[in-house]
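Just so you know, all these numbers are worked out from the coordinates, no wet-lab data involved. As the structure is a prediction and not an experimental result, all values here were calculated from the model. Note: ideal-geometry Cβ built from the backbone for every residue, glycine included; neighbour counts use all protein chains shown.
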Amino acid sequence: MSITATRDIQPLPKMDTAIGLDFNKKDIVDSNGNHYLNPCPAKKHRKQVRVLQKALDRTRKGTKEKPESNGRKEARQKLAKLHLHIHNVREDYLHKLSKKIVDENQVICIEDLSVESMLKNVPIEKRKQMRWEEKKHHREIADAGWRSIRTKLEYKSEWYGRNLVEINRYYPSSQTCHHCGWRYHDLPNNCKEWCCWNCWEWNNRDENAATNIVNEGLSVFLGTENQAVCLGVRPAISGLLIGTETAAALAQR
């Protein structure tokens with residue numbers, strides 16, 4: 001049985017706020033410094049899923065001569081209910097978070113992430129970690145629901161008259177200092193805080209990335225790519241920015 005209804009959705013009043021979102025496996029960080037922890041329901045119920053899956057494997061499968069046992073039907077239903085519960089917990093969290101973000105911001109900036117390519121197996125000759133570590137990494141990405149929240153932000157922004165801006169997926173948001181623009185090319189993946197060698201600003205990796213995402217997103221939204229978002233900021237010269245050019249760099253002008 002299904003029920004179809006028509007809903008009249010009115011756009012929300014215009015606002016002058018913008019936000020950048022950095023998606024991580026454990027949380028979602030915005031450019032205001034807020035951290036929204038992911039519930040990670042699949043990780044929390046992983047042991048229970050394993051127990052029910054083993055119970056299902058021990059039951060008799062159906063054949064042409066003998067139908068499947070009642071125990072298998074019951075075990076399959078229990079496993080399906082648990083997977084549905086995991087899905088509902090994740091979707092409920094993402095619906096509430098996406099509605100909160102859309103209600104409070106006019107321009108929402110995110111990265112154009114390709115989740116499908118992230119979940120692909122890396123060839124053996126290019127693999128930098130053990131296979132079990134790669135599988136764990138893939139499970140955590142799938143559990144975070146990045147594609148799901150992106151879809152929700154897309155249609156809710158269209159519903160309520162908001163602007164969703166996607167920046168290039170190859171933009172180095174984590175490696176670039178939001179204060180001066182210097183890039184830390186060799187930033188390790190497990191490094192959560194780092195110091196800029198240009199302006200000596202101490203950066204939190206995720207909060208710094210979210211700030212860069214909103215700045216880059218506003219540049220794309222306003223049509224000012226490759227220009228400074230903040231007043232007084234000049235384009236890079238030999239890797240150095242705003243007021244930190246060396247005499248040699250200035251002489252090359």
Theoretical gain in end-to-end length, Val122 to His35 [0.36 nm per residue, Cα-Cα removed]: 28.3 nm
Beta bridges by DSSP in the chain, antiparallel share as percent, to the nearest 5: 60
Gain on full stretching of the segment that runs from His87 to Asn70 - 0.36 nm per residue minus C-alpha separation: 3.5 nm
Extended-chain gain in nm, criterion 0.36 nm per residue less alpha-carbon gap, Thr151 and His137: 2.8 nm
The stretch 52-77 and the stretch 138-205: distance between their alpha carbon centers, rounded to Å: 45
Residue-wise HN-Hα coupling along the stretch 202-215, computed from phi with Karplus coefficients 6.51, -1.76, 1.60 (Hz; x: Gly, Pro): 8, 10, 7, 4, 6, 5, 5, 5, 5, 5, 5, 5, 5, 5
Point-to-point label distance, Lys25-Leu222, nm (Cα→Cβ direction, 7 Å offset): 3.7
Nearest-ten-degree value, helix 131-144 long axis tilted from longest Cα axis of the chain: 90
Partner aspartates and glutamates for Lys78 [C-alpha distance under 17 Å; skip if fewer than 8 residues away on the same chain]: Asp57, Glu68
Angle between the chain longest axis and helix 46-57 axis [Cα atoms, degrees, rounded to 10]: 30
Using distinct alpha-carbon pairs, which all enter the 1/r mean, Kirkwood radius of the stretch 68-167 in Å: 16.4
For Thr176, distant residues with modelled amide H under 5 Å away: Tyr184
Residue order, fewest to most beta carbons within 10 Å, for Leu113, Leu52: Leu113, Leu52
Whole-Hz couplings from phi, Karplus 6.51/-1.76/1.60, listed for the stretch 160-170; x for Gly and Pro: 9, x, 9, 10, 9, 10, 10, 9, 4, 5, 8
Whole-Hz couplings from phi, Karplus 6.51/-1.76/1.60, listed for the stretch 75-89; x for Gly and Pro: 5, 5, 5, 5, 5, 5, 5, 5, 5, 5, 4, 4, 4, 5, 4
Estimated [θ] at 222 nm from DSSP helical runs (n ≥ 4, -39500 (n - 2.57)) normalised by residues in the chain, nearest 500: -13500 deg cm²/dmol
Aspartates and glutamates whose Cα lies under 12 Å from that of Lys44, excluding same-chain neighbours fewer than 8 positions away: Glu140, Asp143
Hypothetical label at Asn204: residues of the stretch 151-193 whose amide nitrogen lies under 16 Å (7 Å Cα-Cβ projection): 174, 178-179, 191-193
Charge-dipole axis of the stretch 1-101 as Lys and Arg at +1 and Asp and Glu at -1 on Cβ define it, positive-most pick from Leu21, Leu97, His83: His83
Pairs beyond 21 Å (Cα-Cα), from Lys136/Lys156; Lys25/Lys128; Lys25/Lys135; Lys43/Lys128: Lys136/Lys156; Lys43/Lys128
Segments 29-42, 70-83 sorted - mean Cβ within 10 Å per residue, highest first: 29-42, 70-83
